[in-house]
1. Pull up the stretch A:3-24, narrow it to residues that are at pLDDT 95 or above and outside any helix (DSSP H, G or I), then point me to the one that is farthest from the other protein chains (Cβ to nearest Cβ).
2. Suppose we filter C:THR98, C:THR74 for residues that are part of a strand (DSSP E or B), under 26 Å from A:GLY48 (Cα atoms), within 16 Å of the chain's Cα centre (by Cα) and at the interface with another protein chain (Cβ under 8 Å from one of its Cβ atoms); which single one remains?
3. Among what's in the stretch B:82-92 and is more than 7 Å from chain C (Cβ to nearest Cβ) and not charged (D, E, K, R), pick the residue that is nearest to the chain's Cα centre (by Cα).
4. Quick check on B:ARG115: is it more than 16 Å from B:GLU70 (Cβ to Cβ), buried (at least 21 other Cβ atoms within 10 Å of the Cβ) and either of a type in the set (Gly, Ala, Ser) or at pLDDT 95 or above (or both)?
5. Every residue in the stretch C:51-64 that is surrounded by fewer than 21 Cβ atoms within 10 Å (Cβ to Cβ) and within 21 Å of A:PRO40 (Cα to Cα), please.
6. Tell me whether the stretch B:50-60 contains one or more residues that are part of a loop (DSSP other than H, G, I, E, B), among the charged types (D, E, K, R), crowded, with 17+ Cβ neighbours inside 10 Å and at pLDDT below 95.
7. Quick check: is even one residue across the stretch A:177-194 buried (at least 17 other Cβ atoms within 10 Å of the Cβ), hydroxyl-bearing (Ser, Thr, Tyr), in a strand (DSSP E or B) and at the interface with another protein chain (Cβ under 10 Å from one of its Cβ atoms)?
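The values are calculated or read from the model by the stated rules, or taken from the named source; none is laboratory data. Please read all numbers here as calculations on a predicted model, not as lab measurements. Cβ placement follows ideal geometry from the backbone for every residue including glycine, while neighbour counts extend to all protein chains displayed.
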Amino acid sequence: MWLALGSAVAAEIPLPERKSGYEFMSRETKAMQDDEVTGPAVLTLLDGEALWGKLGCQGCHKDAAASMKGVAARYPAMVGGKLTTLEQQVRHRNPELRYESRELLALTAFVAKQSRGMPIEASGSKPNVEAGRAFFHQRQGQLNLACASCHDDNWGKKLGGTPIPQAHPTGYPIYRLEWQGVGSFTRRLRNCLTGMRAELLPHGAPELVDLEAYLMWRARGMKMEAPAVRP
Amino acid sequence: MISRRAFLFLSFFAGTARAQLPANIAEIRKAQLQAAINKVVGGAQVRQGKVKLDIPPLIDNGNAVPVTVEVESPMTQADHVKAIHLFTERNPQPYVFTAHLGPRSGKARIATRARIGDSGEVIAIAQMADGSFWQDSVRVIVTLSACLEEGLI
Amino acid sequence: MARVVVNVPAEAKKGEVIEIRTLAGHPMETGFRRTQLGELIPRDIIRSLVCTYNGVEIFRAELHPAIAANPLLTFTTVATESGTLEFRWTGDNGFSVTEKASIKVV
C-alpha cells in the first residue's frame, strides 16, 4: 500500500517508539483517566448515553456497545466520497448539533468509548493523508514552527516545564484539565495553531480534517483510549 | 487657608512618614492563610503528625489536582477526627474544603480534586474530638500549559 | 437537573467500613476569573455536600472555589444497617441536587 510514506522522512518517529500522551502524564493524572466510576469524563459519557436514546441514534443503531464497536478507531473515514470526522458523522441525522456543543461532545465521547482498547485503523484516502502530512511538516505562523518541529523532533523534551508528547490522537474527545471539560480534537488543533501564532482554521476546515487523517495514520495500530484525560 | 509653599512642605513630611511600600501579594496571601488557620484552631498549637496529605509534588495541571487526606485515628466516640481542613498558600483565597466526620465515618479519609493556582504549600489540618490539632503539609510545584489559549473553543 | 454519580457498594457486612465515591457535574466558577473584556465572572459553586444514612447525617463537607470543576468527593462510613443513603448538594444560585443509593447490610 502506501506504507512507503513512513520510510520517506528520517525525522518521523519509528513505529515501535511511538507512545501515547498517556505515558507523559503523572501517576495521578493517569489514575484520573483510569477511573471508570468517578473520572472527570464520566459525567459526559453518561450524558452521551442518555442522548443516544433521546436523539434517536438507538432507533437505527440499537445497542451502541455492539454497533459502534471499532467505529471511532477508523475515523476520519470516507463517507459518500468525502473525508468525514467522527463528530461530523455523529451529527448526520442531527445537523443542528453545533461543533463543540455539550451534546455533540457527549455523544461523540460515548461513541468513541465503544472502541476503547482497539487498534487504530487508518481509513483516510491517500491524497487526504498526504495533504495532512504536508500540513504537519509545513512551517507556519509567527514562530515559523511546523507541528513536526515539536512533535517529531523534540517529543519527550520540556516546553515551559511541560513534557512534549508525540501528538497521537488516541484519546479524543478528551477531558482536558486545562479546559476543565471535554473537548474535541479540532479544538485541540486550534489551540496548537494559536500557540504557534499561526492562522486559526475553523471547525470543519478541510486542512484540519486532512491533518486528523494523517495523525490517525501516523498512530495506526496504537490503542484507542477515548475519552482520555490530558493536562 | 494654607499657602502653597506650606502645603508642599507639610506633604513632604507626610510622604516620608508613609514611606513603607504596600504589602506585596505573597505577604497578603500568607497573612490570609494564617488568618484562615487561626479561625479554625483558635490559639491552639498545631502538631505535626497523624495526618497524611497525599498530593503530587509536581502537578501536571493546577486545574484538577487529586488530593487525599488520611488521618490515623480509631474513630471511636472517645477518640475520633471531628473535621479535616485543607488550605493552600498561593490561591486567591486559602480554603479548599472542610469535611466533618465522626465515629460513624469508620476511617478518616477524604479524597477530592483541588485547584492549586501556584507553587507553594498545601496544608491539611485535622481537628480531633479532644480539641487537639494535627497537620501535614506538602510543598508543590505547579507548571502552566505550554500554550495558553484563554478560552478558545 | 445536573448529573451526579454516587458509588455505594450494593451490599456490605455489618460493621464494615465502606467507601463512598461521589461526582457532581458543576463548573465550580471561582469568582476570580475574568472575561476577555475584563469583567469579573461571578462566583457559582457547590458549597456543601451532606450525606444521611437512614435519615442520620453521617458526613458533611463545605466546598470552596478551590475545589476543581465537576467536584469529586470520596469518603467512608460504617455499614450499620440496610437502608438508604441520601446525598444532597447545595450551592450558589439555588443549586440543589439530591441522589439516593440503597445498601443491603448483612
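1. A:ARG18
2. The unique qualifying residue is C:THR74.
3. Looking at the filtered set, the residue picked out is B:PHE87.
4. yes
5. Selection gives C:GLU62 alone.
6. The answer is yes, given that some residue of the stretch B:50-60 is part of a loop (DSSP other than H, G, I, E, B), among the charged types (D, E, K, R), crowded, with 17+ Cβ neighbours inside 10 Å and at pLDDT below 95.
7. no
Results for (1) more than 12 Å from chain C (Cβ to nearest Cβ); (2) over 30 Å from A:ALA41 (Cα atoms), shown as yes or no for each residue.
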{"site": "B:LEU53", "(1), (2)": "yes, no"}
{"site": "B:GLY62", "(1), (2)": "no, no"}
{"site": "B:VAL69", "(1), (2)": "no, no"}
{"site": "B:HIS80", "(1), (2)": "no, yes"}
{"site": "B:PHE97", "(1), (2)": "no, no"}
{"site": "B:HIS100", "(1), (2)": "no, no"}
{"site": "B:GLN127", "(1), (2)": "yes, yes"}
